[in-house]
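**Q** Here it is: the structure, laid out below.
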Amino acid sequence: MRSGPGGISRRRELAVLVLCCAAAVTLLILPPNARITVAERLGRVLTAPYWGARNFLDDMATLRRENTRLEHDLFQAELERSAAELARLDRDRQAGCALEEGFGGLLAPCRVTLRQRGRFATMVRITSDRPVPWRPWLPVVNRRGLVGRVRTIVSGTTAWVELMSAPDFALGVEFVRTGLLGVLEPREDRYVVGMVGRDEDVRVGDRVMTSGITEVREGAVRPDAAGASPRGIPVGVVTRVDVPNDQVFKYVEIAPPAGCRRNETVFVVLPADAEIDGGRGRRP
Amino acid sequence: MRDFLRINIFWALTAFAGGVLVGPLIAIGGVAPDFPLIALVFLGLAAGSYPATVAGFLAGLILDLGDPSLLGAHALLYSCLGYVLGRLRDRLAYGMPVVEAVVAVTVVLVHDLGFLVLSGLSGAETFPLQFFTRSVPDALYTGLAAVPVMRLATWLGLLYRED
């Protein structure tokens, strides 16, 4: 019969057991207050680093959830404010970036849970805390503006989003100042608004928003894709305007304010007939 | 020396990562495997009495520090169980999952029985209701969870090395 690894004798094993038991019993028979004091002192050495790290991670998870909720509430408040502003500006024959008054869609807050760190990233994965009735081509926004569109549904809580930088991305946009329409497309590392006539009034600094007119895509549930991408989501600001001599259209370059440069909170803009959070979803 | 390191890494991972990460994930209605005890079973069977007693004392002490109302109770029970498991090392039928599962179930039951008795001695009225409502389901689940852990250890060459 073996006596243990390294040839440790049975007597030594027993001695270790007795020592451990004696130490444990000593701790057990301490008065309650002394027990807590000893545990506190030992804990500082033995378990404090572990609990510090674990509490930090727990706090991070809680903060992320709270941040998602706060961003959702803040974004809704901003949308409500900008909707009121849009109504006021419309009265003055002007416009602004805001969802149109009467838009009854829902904002489903999600976290970006997977994103490629490379320069050529065209998709990100988003995850929601609760099941979302999402469909392909629903717009995905953050508080700065449009990020992309839902591309592939993985499950009720997970989906892949096609970013604006995706090669086949195209979106109907509107110049806020003039109401002029165009089609936004990514081109290499730039974003270009096409189909803008060479005589149209477009200036650097003009804001661009979604027009509510989008492509009808294969797989879209509703034929009126405009219902999936409401008018008024900020898309970018014009940074360059050229009028090439040999072209009938202007060359308009924009810089999008939104992007997925970190694992942030984004919102899927659901249509009016969608329900999340057991029907208690909030409407912008 | 290399085996010593591998065994210690395996039991520490099983005890802490299992208890903190895997346990809550696979818990069913509050019933979860007791990974620190599975780790102790592994260590006793893999390394013998001496390491299992010392490691049991340390693991138990760390558990006690999380709830100092019975400081030393886990340390005492884990030390004794580690010693007994080390002694059982030569007496068990090697490589049989049923045997490993039964050992794990027994260890959990003995541990909980001892702990509840110690709690009772300190004035808490937890015995025997908690033994049947909490310990028995936990013990059965622990037995179930012990089988893949032991199989993994065997596959890694950490258990039954001398056979």
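The values are calculated or read from the model by the stated rules, or taken from the named source; none is laboratory data. These figures come from a predicted structure and were not determined experimentally. Every residue, glycine as well, gets a Cβ built from its backbone with ideal geometry; the counts of neighbours run over all protein chains shown. For accessibility, only protein heavy atoms count, side chains too; no ligands or nucleic acids. Shrake-Rupley method; radii C 1.70, N 1.55, O 1.52, S 1.80 Å.
**Q** Provide the FRET efficiency to the nearest 0.05 for the B:R91-A:R130 pair, computing r from the beta carbons and using R0 = 35 Å.
**A** It comes out at approximately 0.10.
**Q** Between the stretch A:50-84 and the stretch B:87-118, what is the C-alpha centre distance in whole Å?
**A** Taking the Cα centre of each part, the stretch A:50-84 and the stretch B:87-118 sit 46 Å apart.
**Q** Counting partner chain Cβ atoms within 10 Å of every residue's Cβ in A:27-33, what's the average?
**A** Mean partner-chain Cβ count within 10 Å for A:27-33: 4.
**Q** What nm distance separates the two modelled labels at A:M195 and A:V248, each placed 7 Å from Cα along Cα→Cβ?
**A** 1.4
**Q** Related question: Pairs of alpha-carbon atoms within less than 8 angstrom and 6+ residues apart define the contacts here; what relative contact order does the stretch B:2-155 have, in percent?
**A** 24
**Q** Pop a pseudo-label 7 angstrom from the Cα along the beta-carbon direction at both B:L13 and A:T113 and give the gap in nm to one decimal.
**A** 2.4
**Q** Another one. Kirkwood hydrodynamic radius, chain B, all distinct C-alpha pairs: what's the number in Å?
**A** 15.7
**Q** List, in order, the whole-Hz ³J(HN,Hα) value for each residue of the stretch B:72-83 obtained from phi through the Karplus relation with A = 6.51, B = -1.76, C = 1.60 and θ = phi - 60°; use x for Gly and Pro.
**A** x, 5, 5, 4, 5, 5, 5, 4, 4, 5, x, 5
**Q** Using the basic label-point model (7 angstrom from Cα toward the beta carbon), what is the A:E85 to B:A27 distance in nanometres?
**A** The answer from the label model is 4.6 nm.
**Q** Can I ask one more? Suppose the chain between A:E66 and A:A170 were pulled fully straight at 0.36 nm per residue; how much longer would it get relative to their current alpha carbon spacing?
**A** Extra length from A:E66 to A:A170 when fully extended: 34.1 nm.
**Q** Quick check: from the Cα gyration tensor, does the stretch B:1-76 come out rounded (a/c under 1.5), prolate or oblate?
**A** oblate
**Q** Another question about this same structure. Determine the total buried accessible area between chain B and chain A, counting protein heavy atoms only with a 1.4 Å probe; round to the nearest 100 Å².
**A** Buried area between the two chains comes out at roughly 2500 Å².
**Q** Excluding A:V243 itself, calculate the net charge of residues whose Cβ lies under 11 Å from the Cβ of A:V243, where each Lys or Arg counts +1 and each Asp or Glu counts -1.
**A** Local charge sum for A:V243: -2.
**Q** Suppose every K and R has +1 on its Cβ and every D and E has -1 on its Cβ; what is the size of the dipole of the stretch B:1-122 about the Cα centre, in Debye to the nearest 20?
**A** Magnitude of the dipole: close to 320 debye.
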